[in-house]
Each structure stands twice: as C-alpha cells, then as structure tokens.
C-alpha cells in the first residue's frame with residue numbers, strides 16, 4: 001500500500017448544481033433512501049476503465065442541506081480508470097480529506113471483486129476479498145458522526161493529476177455491480193464482521209430496481225465533473241446494476257410538461273400577462289406567455305428528462321412569482337436564487353407540475369392559512385396567536401375544544417383586532433386544541449381558507465422558573481424572579497436556613513422583584529415562591545425549589561462623593577475612581593436592571609478601576625464596589 005496521508009481542501013459536493021463541465025457526457029448515480037450510522041457495507045463490483053473515469057462505492061451525508069462543509073462526512077472506495085489502484089478515503093468538515101492508495105494484485109476494471117468497509121465510532125476499516133487492507137483510527141475519525149447514504153456513481157473527472165486527461169472518445173464505458181449488503185453495528189451481539197460486532201440486515205442482488213430502497217439520480221452533478229447524472233444511464237440487466245457513461249443525446253426525446261400558477265392572491269390589471277421563464281427559454285421574461293383560465297395560468301412545453309428550474313413573471317419582469325427563499329420548494333435553498341423546479345424522469349410520457357399560489361409553495365387554499373401558536377398559558381387562560389398572510393385576512397374564525405370533548409367552540413374575530421385572542425375560563429390541568437382559518441373579501445379567492453394545523457396546549461399553574469438574589473448587604477437583599485405569564489400574583493416564603501418559622505409575603509402579578517429588609521449580617525437565608533392562578537387564589541402552583549443566599553458581614557459604606565464614574569454615559573471603556581486608599585484591594589460587580597450579574601472583576605491596590613463595557617447592551621447598570629472594610633453602590637448609563 002502506498003500511503004498518501006493527504007489533508008487538503010476540496011470543493012466537490014455531490015448534491016451541488018450541474019456546472020458547465022457537465023455537458024460532455026452522461027453518467028449514472030444511485031443512492032439509498034435510508035441513511036445509516038455505523039455498520040459494515042459490502043459491494044461486489046467491476047469498475048470502468050479509461051482515462052478520466054471514476055467508479056465508486058461510498059457513504060455520503062446527502063442530508064446536510066445547507067450545512068456544507070460544517071457537516072461534511074464521507075467514506076469512499078474509488079477506482080480511477082487510468083490505473084489499477086484503489087482509493088480509500090474519509091472526508092470531514094473544513095472541508096478536508098484523508099486517505100491511502102492500495103495497489104491490488106488484480107485489475108479491478110476487468111474483474112468482479114468484493115470490497116467492504118466497516119464504520120464504527122472512531123474507526124474505519126477497508127477490506128478486499130475479505131482481507132483487511134487498511135485502517136483509519138486517528139482522532140479525527142471521530143468526526144464521522146452524521147448518518148450517510150449508500151451511493152454508487154460513474155463520472156468523468158476534471159483532475160488530470162489524479163485520473164489522467166479525459167478522452168471522450170472512449171465512451172461508452174460502464175461499471176457493473178452484482179450485489180450490495182448492509183450489516184448494522186451491534187457490538188457484543190452480532191455474528192458477522194470484525195469481532196462479530198455486526199448483524200446482517202439486507203442484500204440487494206439487483207434483479208430489478210427496488211424503489212423502496214434506491215433512488216436513481218435524474219439530473220445531478222457537481223463541480224469538476226464532466227458528466228450529468230441521468231436516469232437513462234442506470235440500468236438493471238441480467239442480475240446486475242449497470243452504470244453507464246455515454247455521449248449526451250444530440251436530440252434527446254422530449255415530453256409535454258405542464259406548468260401552472262394561481263394568481264387569486266394578486267390584483268391583476270386587465271392587460272397583465274403571466275409568463276414562464278427558465279433555462280429552457282434563456283430566462284426570457286416575456287417569451288413564453290401563459291394561458292389564463294379563471295385565476296390559474298397554464299403553459300405546456302416539450303422538455304427532455306432532467307430537472308428544470310423556472311419562475312413566473314408578471315409582464316416583463318414587473319413582478320416575479322418565485323419560491324420563498326430557502327423554502328421546501330426552492331430548487332437550491334443554499335444559494336441566493338429562489339426558483340421552482342420540476343423533475344422530468346427518464347421514460348415518462350408526460351409530467352404536470354404542482355400549481356402553487358403566486359409566491360408560495362402551496363396551493364392558494366393552503367398558502368393563505370394563517371400560522372398559529374399558543375403562548376402565556378396558565379391554569380385558566382391562554383393566548384391564541386396567529387400570523388396573517390397579508391393577503392386573505394378579511395376576518396378570522398377560531399375553533400377550539402378540550403382534547404376529550406366532541407364539541408367545538410367557535411369564535412369570530414374581526415380584521416381590526418390584534419393578531420391574538422386571550423381566552424379565559426379554562427380548566428386547570430387540561431389539554432386543549434384549536435385552529436384558525438381566514439375569510440377573504442369578495443374580490444379574492446378562495447372565499448374561505450382551510451383550517452390551520454391543530455395547535456395544542458395544556459393549562460397548568462406554574463411557579464416562577466428562575467429565582468436569584470441581587471446585591472445582598474448585611475441587612476437587605478433584592479429577591480428576583482421571572483414572571484409567570486397570566487399569573488394573578490405571587491407568594492414568597494422565606495427565613496433563616498437554621499430556623500423553623502418562615503415569613504409569607506403576598507405580591508401582585510406585576511412584581512418581578514422584592515426588597516427584603518431587616519436581615520441579619522453574616523446569616524444564611526432560604527426562600528421560595530409560588531404563583532396564584534386565579535383571582536381568588538384558590539388555585540395556586542406548587543412552591544419552587546428553595547433558593548439560598550448569605551448576607552455579608554456588616555460593613556461601612558463609603559460616602560457618595562467618593563465614587564465617580566467617567567465617562568457617564570459610557571460608550572466602551574469606563575473608569576471608576578474608588579478613592580479607597582492605594583493599599584486596598586477592590587472587588588467590582590456590575591448588574592443589569594434585572595439584577596443579573598454581568599461582570600465581576602478583582603483589582604489590586606489601586607484608586608482607579610478601568611473596565612470594558614463595549615459588549616454591554618444599552619441600558620442602566622448598577623455597580624457594587626467592595627473594599628477591605630466597606631462597600632459602595634453606584635450606577636451608569638451604557639449608550
């Protein structure tokens with residue numbers, strides 16, 4: 001084996017768009033619908049011969065969406081047609097890769113050979129005809145963490161130093177596969193593979209295409225690939241999977257493809273025309289007018305197999321009806337364009353694209369449904385929220401019920417109302433469901449939308465989920481908490497940690513802090529809270545866990561004139577003139593208005609304390625300076 005030990009940047013992404021290279025040949029690619037994490041993966045195959053040609057069996061994180069290269073994971077077995085070598089490689093975020101080259105005693109291009117690799121946490125092993133030939137167990141292998149698809153492809157690479165200069169005259173060429181096996185990783189309970197740590201799950205002998213297991217690439221490619229992957233280059237013949245590399249058809253067969261869009265949400269003028277634009281007409285904005293039938297515009301074109309991007313255009317690029325950027329119907333959600341796309345599979349007689357509402361993924365009946373969610377849920381009330389579409393919001397209808405009820409309660413909401421509704425009189429510890437739909441003005445269609453998806457919430461009387469103390473001194477402390485939505489008030493209970501009696505304090509629902517006075521110096525206290533969840537207080541939450549604080553020993557405060565902050569207001573750097581004496585050590589604490597400690601610094605023997613407040617959000621901040629025998633408070637404004 002020849003060790004390459006290469007760690008380099010790469011730019012190849014298997015799910016990327018087809019480039020200018022991919023016009024010179026067609027290749028084949030197939031991959032599993034399921035993604036796998038760890039296991040043993042076996043293949044019996046014969047690679048294709050010829051300069052520039054790459055045959056493969058590999059795992060790849062095809063589901064990384066827009067997270068490349070941060071989630072880049074790949075494990076390869078590759079053969080290049082210019083040599084008899086086998087390439088064993090792993091790929092990582094960065095992107096970078098690491099691998100070795102194995103020189104077999106046979107020619108993989110004229111021999112059907114069984115290969116395998118085992119992927120376990122932190123280790124990858126490669127096998128040829130059942131013999132272990134290479135292992136990766138370096139620390140970086142632990143970065144292989146993402147589920148990956150089993151993939152096979154045949155393509156021509158623009159990489160002369162690796163595969164040699166590609167010669168199109170060698171086409172057609174093909175790679176052949178007799179079987180693929182998958183074993184799950186079952187350490188300690190398996191019966192196959194290294195250490196019997198794997199369990200057989202399935203084998204495909206390729207007698208025919210198993211559509212429940214495999215997906216055939218219809219129109220794909222990546223940078224540096226001369227070929228476009230086409231479904232016509234994948235065949236199942238005589239118990240073999242055949243991937244072919246061929247000259248692209250000069251006059252490929254075409255089939256009728258029907259496009260349509262619903263403009264019910266638009267205010268079109270009588271002379272407006274909706275056009276279809278895409279690569280098939282050079283993205284011309286007024287070359288392919290569509291036909292209007294009611295609110296739906298349609299157009300049928302004859303197109304070859306592949307993936308075809310498109311948008312709808314009002315007049316000559318006056319307005320574009322495209323997919324929402326980054327949405328499920330955005331052809332490439334990782335780029336700056338927002339085009340629709342239709343897949344025309346090889347061998348189909350006709351294709352009809354879905355009819356979206358203008359500027360949406362869904363039909364108008366679904367696109368115009370408000371998005372809904374619940375908030376501020378308490379024991380007896382909740383807030384129902386929705387996000388209007390801005391198109392079909394003439395009025396709203398809400399229906400809801402407890403999950404165990406058979407009857408809906410319906411409420412009508414006028415368009416002038418805020419985009420929420422507070423419902424009261426609910427039962428404590430009960431689960432409710434609700435939906436909303438819009439009605440449209442008479443000039444818009446549809447007249448009424450479908451119901452939104454069910455939103456669910458459960459009423460509950462909750463105690464404050466966050467308690468903390470602020471600025472304790474020898475005789476007082478500020479008790480703070482996060483308010484509970486829809487609470488009717490609070491009860492604080494507290495006292496000395498060593499005592500048996502506690503003080504109860506009742507506060508209104510508007511409070512989020514309480515100043516406790518009359519405390520003892522150098523003493524540990526405990527306190528807890530609960531919420532009142534109805535006006536009478538008959539429904540109350542459980543108490544929160546106990547919170548503990550200790551008052552400091554009694555100290556003498558420095559007079560007000562001895563603390564000076566400059567500049568005030570503060571933009572970035574701030575100086576505090578402590579005037580505590582050159583031999584005093586100082587401790588600085590900075591709190592925001594919520595009583596949260598945001599900065600803490602110790603200073604040694606200095607009258608001037610300087611600190612950086614550039615990262616503080618704008619607002620008012622409290623400072624506490626503690627010296628050897630004294631304490632002083634102040635405040636400043638951060639711009």
> With respect to residue 100, is the statement that it is crowded, with 18+ Cβ neighbours inside 10 Å, in the same structural domain as residue 135 (by TED's automatic domain parsing) and over 20 Å from residue 151 (Cβ atoms) true?
Replying inline: yes
> Restricting segment 538-580 to residues that are in a loop (DSSP other than H, G, I, E, B) and at pLDDT below 80, which is surrounded by the fewest Cβ atoms within 10 Å (Cβ to Cβ)?
Replying inline: 559
>> Given the options 124, 133, 180, name the one that is more than 22 Å from residue 225 (Cβ to Cβ) and either touching a helix residue (DSSP H, G or I) at 6+ places or on another chain (Cβ under 7 Å) or not in a strand (DSSP E or B) (or both).
In response: 124
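So that you can scan it fast, the table gives a plain yes or no per residue for (1) surrounded by 16 or more Cβ atoms within 10 Å (Cβ to Cβ); (2) assigned by TED's automatic domain parsing to the domain that holds residue 43; (3) within 29 Å of the chain's Cα centre (by Cα); (4) within 26 Å of residue 83 (Cα to Cα):
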site	(1), (2), (3), (4)
177	yes, yes, no, yes
181	yes, yes, no, no
186	yes, yes, no, no
190	yes, yes, no, no
208	no, yes, no, no
227	yes, yes, no, yes
231	yes, yes, no, no
238	no, yes, no, no
>> Could you check segment 112-131 and list, in sequence order, the residues that are touching a strand residue (DSSP E or B) at 6+ places or on another chain (Cβ under 6 Å) and either on the phi > 0 side of the Ramachandran plot or surrounded by fewer than 15 Cβ atoms within 10 Å (Cβ to Cβ) (or both)?
In response: 112, 129
>> Of everything in segment 136-173, what is touching a helix residue (DSSP H, G or I) at 6+ places or on another chain (Cβ under 9 Å) and surrounded by fewer than 17 Cβ atoms within 10 Å (Cβ to Cβ)? Give them in sequence order.
In response: 158
> Can you name the strands (runs of 3 or more DSSP E) wholly within segment 260-320 that have at least 2 residues being within 17 Å of residue 344 (Cβ to Cβ)?
Replying inline: 296-304, 306-314
> Can residue 155 be described as outside any helix (DSSP H, G or I) and modelled with pLDDT under 95?
Replying inline: no
> Can you find a residue in segment 364-381 that is within 31 Å of the chain's Cα centre (by Cα) and free of Cβ contacts under 8 Å to residues at least 40 places away in the same chain?
Replying inline: no
>> exposed (fewer than 15 other Cβ atoms within 10 Å of the Cβ), without any contact (Cβ under 8 Å) to a residue 60 or more places away in the chain, outside the structural domain of residue 215 (by TED's automatic domain parsing) and under 26 Å from residue 28 (Cα atoms): is that true of residue 304 in this structure?
In response: no
> Restricting attention to segment 241-287, which residues are without any contact (Cβ under 8 Å) to a residue 60 or more places away in the chain and under 33 Å from the mean Cα position of the chain (by Cα)?
Replying inline: 276, 277, 279, 280, 283
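The values are calculated or read from the model by the stated rules, or taken from the named source; none is laboratory data. Note that the coordinates shown come from a computational prediction; the quantities given were computed from them, not determined experimentally. Positions of Cβ are generated from backbone atoms using ideal geometry, with glycine treated the same way; all protein chains shown enter the neighbour counts.
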